[in-house]
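Read the structure below first, then the notes.
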Protein chains: 4
Amino acid sequence: MAAEAALISVVPNSNPGSNPEKRPGRPRSDKSREAILDATRKMLMHTPLRDISIEAVAKRAGVGKTTIYRWWPHKAALVMEAFLAQPGLQNILPTTPGADDALKVQLEKLIRQLRGQNGRIVANIIAEAQAEPEALDLLNKSFMNERVENLRRHLTQGKAEGLFNADLDTDMAIDQLLGPVFYRLLTNPEALDERFNSHYPEQAVNTLKA
Amino acid sequence: MAAEAALISVVPNSNPGSNPEKRPGRPRSDKSREAILDATRKMLMHTPLRDISIEAVAKRAGVGKTTIYRWWPHKAALVMEAFLAQPGLQNILPTTPGADDALKVQLEKLIRQLRGQNGRIVANIIAEAQAEPEALDLLNKSFMNERVENLRRHLTQGKAEGLFNADLDTDMAIDQLLGPVFYRLLTNPEALDERFNSHYPEQAVNTLKA
Amino acid sequence: MAAEAALISVVPNSNPGSNPEKRPGRPRSDKSREAILDATRKMLMHTPLRDISIEAVAKRAGVGKTTIYRWWPHKAALVMEAFLAQPGLQNILPTTPGADDALKVQLEKLIRQLRGQNGRIVANIIAEAQAEPEALDLLNKSFMNERVENLRRHLTQGKAEGLFNADLDTDMAIDQLLGPVFYRLLTNPEALDERFNSHYPEQAVNTLKA
Amino acid sequence: MAAEAALISVVPNSNPGSNPEKRPGRPRSDKSREAILDATRKMLMHTPLRDISIEAVAKRAGVGKTTIYRWWPHKAALVMEAFLAQPGLQNILPTTPGADDALKVQLEKLIRQLRGQNGRIVANIIAEAQAEPEALDLLNKSFMNERVENLRRHLTQGKAEGLFNADLDTDMAIDQLLGPVFYRLLTNPEALDERFNSHYPEQAVNTLKA
DNA sequence: GGGTAACCGAGACGGTACGTCTAGTCTTTAA
DNA sequence: TTAAAGACTAGACGTACCGTCTCGGTTACCC
């Protein structure tokens, strides 16, 4: 739910008005919107993002191209909405007592989310974002930030508790935790395997300890 | 020179035979080859990889499109050869006494190489490689591996010397060192700044210490 | 006008609906249509059909290639429409009293139309049609048939009047009249000269007489 | 045999010198020559002339492209030699007593030669020749002329015998006989059928009679 | 028997055009 | 009045051939 809200606030024009339908003119077709997102989702299953064209999405959705261009500024925005609005990508975490355990749980959850199909899609979104600076922002806002902030919270707490060294650079520590995961995702995705998932969080968090 | 050799062995057909020219037919034109790589290099200076077309490279190089397609299977392969065969990307490192210092020096060198223009290009190559599995291999073989192997050597040595914990997973440790660098490169390139360069290698290597 | 109508009914999609424009979406651009036909006509003046490329037509007309491919299935179809829709190719004949004179007039008119530039174009269309069976149909429907039918009418009438032998095979007689004209056009175009025009119709029609 | 001689004298460079092999250098390879003509013939069986490329002929014949370009100036020249040098295309006619019968026999022979596969090829050659003036000459010299001259001989004889009107224009009469055949071949090849063969020569020759 | 000349195959070269696809924009009708 | 449909210009894609060229070699003749 948090994800949904964040997404909506991020994708411009996604919901044209907060008040329920007060604007003049023909209203947006929800059928088209769903058809577009559906088509996108289905194509993401078996096609690299690079090879998905607005044109193809429009054709598959039975919709004019303009309808897509009106509501989403980039392919990246469309894909992000289609992708993130699916179940299993929310970042709801159980509350755990220790800051170190919380970090580990967060990392495990992330790795699990990035394995297989979904991982490929995220990798492709990151790739796409290299040529579309706005998309990079969108990616950070709709996917990265909540993970980052969660890590930051626990790191700060851990520093306060003396679990981690007080002069540890928090931003850098966050990147030390997340970096290896995305590095594998992008340069050697098969290495993001079960073994990695069961050892990496432990080793990564422990090396940060005071 | 090591880079050159590695590259040649990696790009298929780049050197058609190891014995000096025994094949029939008109031999490959070195002039064209250079013109193509030159044109590619120049376009990389000011254009995002996504917006560089084979067509444009051919035109700028004064060469037929076929000549490019004959020798390079992808845009990624072409770009990789053009980019990596330039000076300043070799990974020649001064020999340093301690394994920990050696690791830091390697990381600093890498960060310096990935800042600015070159960093954008590498990021774009990684992005391109997401849709072209062969290109990912090529990237690993021609750029990543020498860095990785260098780190591995020093990590192994460090473990032998008791500098690092003996049961540290070396592969994972390598990714812990490299991951954050590429993670920033891809998701927040401005963060790959001077400050990062002067603190990250120290902090990263130290957290690995026994 | 008859030619125009015939042509339109023959070229598929040329007029997308018989009712005057009720479909959604942007309507076909008449400006583009005219520009394309114009460009084609102008290129036909000085270039053999074989050397006219769709690409060049598009460029000269200031039009996207797709627009041409959307509306014309072949180069032959395009050329045929461009060529036949020009003035001087309609087959309006003065009514003459005798069937034999009518035949002569029709042949003279045809020979005059096929001399010079226009003849070359028709010859090229016939040539093009050898590799494109659809184009052969189109040629027959839009150019040949009206001449053929006119000849048939007068031959039938002539047979009824006893001017020609009653058991003359009409189809064959038509080909006996037209054949030599096209034969010269294709194998010896210079022979389609003034002398031929002033003697052939007379001799051809007379040999058919009872 | 006459055909062979005529052809050789027509295709330039086909026999590089009149004296039998006195020149220095490696002599022309007859094996390659045959392979090229064979390959061409085989491709003509099932491919429209337009879609036969020199490149493909060379590959099929196991021959360098240059070898073809060295000896034949056009595709049309190559095809003409390949096609005409096959059996069944010589125009050897039994001597018949009457000039009118001789004409009929010549026409029947021609129609039989132009039915089916061979007819398509001739049509394609005529088509090709529209864009290649030299080829038109070659076609006339190597195929048309002997038929034309045969018709002329018999027409002249017939006029002398009083069988045909003395002031009949011979050239025009020739075209009246041949025209319809080629006209059907090019614009309506299915009409070149058995029925046509059994009626046309009779009707055509008879209409010429005094 | 060495030199020279013309041939041969292979195949790379700079080009042109193909017909398709996609990007974004523009111009209608439908709601 | 806005949405949606679909035609528009522009231009890259990767492929097929064009006709030319440059190799290493071969096969004759000529001295």
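Of the residues A:Ile92, A:Ile126, A:Ile121, the single one that is among the aliphatic types (A, V, I, L, M), out of contact with any Asp or Glu (no Cβ under 6 Å at 6 or more places or on another chain) and not assigned by TED's automatic domain parsing to the domain that holds A:Asn197 is A:Ile92. Of note, C:Leu208 does not satisfy the criterion of being crowded, with 22+ Cβ neighbours inside 10 Å, in contact with a Phe, Trp or Tyr (Cβ under 7 Å, 6 or more places away or on another chain) and of a type in the set (A, V, I, L, M). For C:Ser198, the criteria (1) within 13 Å of chain D (Cβ to nearest Cβ); (2) in contact with a helix residue (DSSP H, G or I) (Cβ under 6 Å, 6 or more places away or on another chain); (3) of a type in the set (Gly, Ala, Ser) hold in every case but one, which is (2). Does A:Val79 qualify as being away from DNA strand F (no atom under 15 Å from the Cβ) and assigned by TED's automatic domain parsing to the domain that holds A:Leu136? Taking the combined requirement at face value, the residue does not satisfy it. Quick one: in segment B:24-74, which of the residues that are more than 7 Å from DNA strand E (Cβ to nearest atom) and assigned to a loop (DSSP other than H, G, I, E, B) is most open to solvent (accessible area, probe 1.4 Å)? Among those that are more than 7 Å from DNA strand E (Cβ to nearest atom) and assigned to a loop (DSSP other than H, G, I, E, B), it is B:Pro73. Taken together, D:Asn145, D:Asn140 contain a single residue that is at the interface with chain C (Cβ under 7 Å from one of its Cβ atoms) and surrounded by fewer than 17 Cβ atoms within 10 Å (Cβ to Cβ), which is D:Asn140. Just to be sure, is D:Glu81 loosely packed, with under 13 Cβ neighbours inside 10 Å and either away from chain C (no Cβ under 14 Å) or within 14 Å of DNA strand E (Cβ to nearest atom) (or both)? No; evaluated as a whole, the condition is false for this residue.
Inside segment A:157-179, can you point out the residues that are open to solvent by 10 Å² or more (accessible area, probe 1.4 Å) and not in a helix (DSSP H, G or I)? Spell out how you get there, then give the answer.
Filtering segment A:157-179 down to residues open to solvent by 10 Å² or more (accessible area, probe 1.4 Å) leaves A:157, A:159-163, A:165-171, A:175-176.
The answer is A:Glu161, A:Gly162, A:Leu163, A:Asn165, A:Ala166, A:Asp167, A:Leu168, A:Asp169.
Filtering segment D:109-158 to residues that are touching a strand residue (DSSP E or B) at 6+ places or on another chain (Cβ under 9 Å) and of a type in the set (A, V, I, L, M, F, W, C) leaves only D:Leu155.
Does C:Pro133 meet the test of being without any contact (Cβ under 8 Å) to a residue 12 or more places away in the chain and not assigned by TED's automatic domain parsing to the domain that holds C:Asp175? Don't jump to the end; show me each part of the working.
Working: without any contact (Cβ under 8 Å) to a residue 12 or more places away in the chain: yes; not assigned by TED's automatic domain parsing to the domain that holds C:Asp175: no.
No.
Among A:Pro94, A:Pro16, which is at pLDDT below 80, outside any helix (DSSP H, G or I) and open to solvent by less than 60 Å² (accessible area, probe 1.4 Å)?
From the options A:Pro94, A:Pro16, the qualifying one is A:Pro16.
Count of segment A:30-52 residues, restricted to those that are free of Cβ contacts under 8 Å to residues at least 12 places away in the same chain and within 13 Å of DNA strand F (Cβ to nearest atom), is 4.
Only one of the listed residues (B:Leu208, B:Leu185) is farther than 21 Å from A:Asn206 by Cα, within 11 Å of chain A (Cβ to nearest Cβ) and not charged (D, E, K, R). That residue is B:Leu185. Does B:Glu190 satisfy the criteria of being part of a helix (DSSP H, G or I), charged (D, E, K, R) and within 30 Å of A:His46 (Cβ to Cβ)? Criteria not met by B:Glu190.
For segment D:153-166, name all the residues that are without any contact (Cβ under 8 Å) to a residue 12 or more places away in the chain and either small (Gly, Ala, Ser) or within 10 Å of chain C (Cβ to nearest Cβ) (or both).
Quick first cut of segment D:153-166, residues without any contact (Cβ under 8 Å) to a residue 12 or more places away in the chain only: D:153, D:159-160, D:166.
Those that are without any contact (Cβ under 8 Å) to a residue 12 or more places away in the chain and either small (Gly, Ala, Ser) or within 10 Å of chain C (Cβ to nearest Cβ) (or both): D:Ala160, D:Ala166.
Residues of segment C:106-116 include none that is modelled with pLDDT under 95, open to solvent by less than 10 Å² (accessible area, probe 1.4 Å) and either within 14 Å of DNA strand E (Cβ to nearest atom) or touching an Asp or Glu at 6+ places or on another chain (Cβ under 9 Å) (or both).
Against the list (1) in contact (Cβ under 8 Å) with a residue 60 or more places away in the chain; (2) under 30 Å from A:Glu194 (Cβ atoms); (3) not hydroxyl-bearing (Ser, Thr, Tyr), the condition A:Leu93 fails is (1). Every condition in (1) within 17 Å of A:Glu132 (Cβ to Cβ); (2) within 12 Å of DNA strand F (Cβ to nearest atom) is met by A:Lys65 except one, and the failing one is (1). In the condition set (1) open to solvent by less than 20 Å² (accessible area, probe 1.4 Å); (2) within 13 Å of chain B (Cβ to nearest Cβ); (3) not β-branched (Val, Ile, Thr), A:Asn150 is compliant with all but (2).
All of C:Ala173, C:Ala191, C:Ala166, C:Ala204 fail the test of being out of contact with any Pro (no Cβ under 8 Å at 6 or more places or on another chain), under 27 Å from D:Ala129 (Cβ atoms) and assigned by TED's automatic domain parsing to the domain that holds C:Arg152, apart from C:Ala191.
The values are calculated or read from the model by the stated rules, or taken from the named source; none is laboratory data. Every value quoted in this text rests on a predicted model; they were computed, and no experiment measured them. In this analysis, Cβ positions are derived from the backbone assuming ideal geometry, glycine residues included, and neighbour counts consider all displayed protein chains. For accessibility, only protein heavy atoms count, side chains too; no ligands or nucleic acids. Shrake-Rupley method; radii C 1.70, N 1.55, O 1.52, S 1.80 Å.
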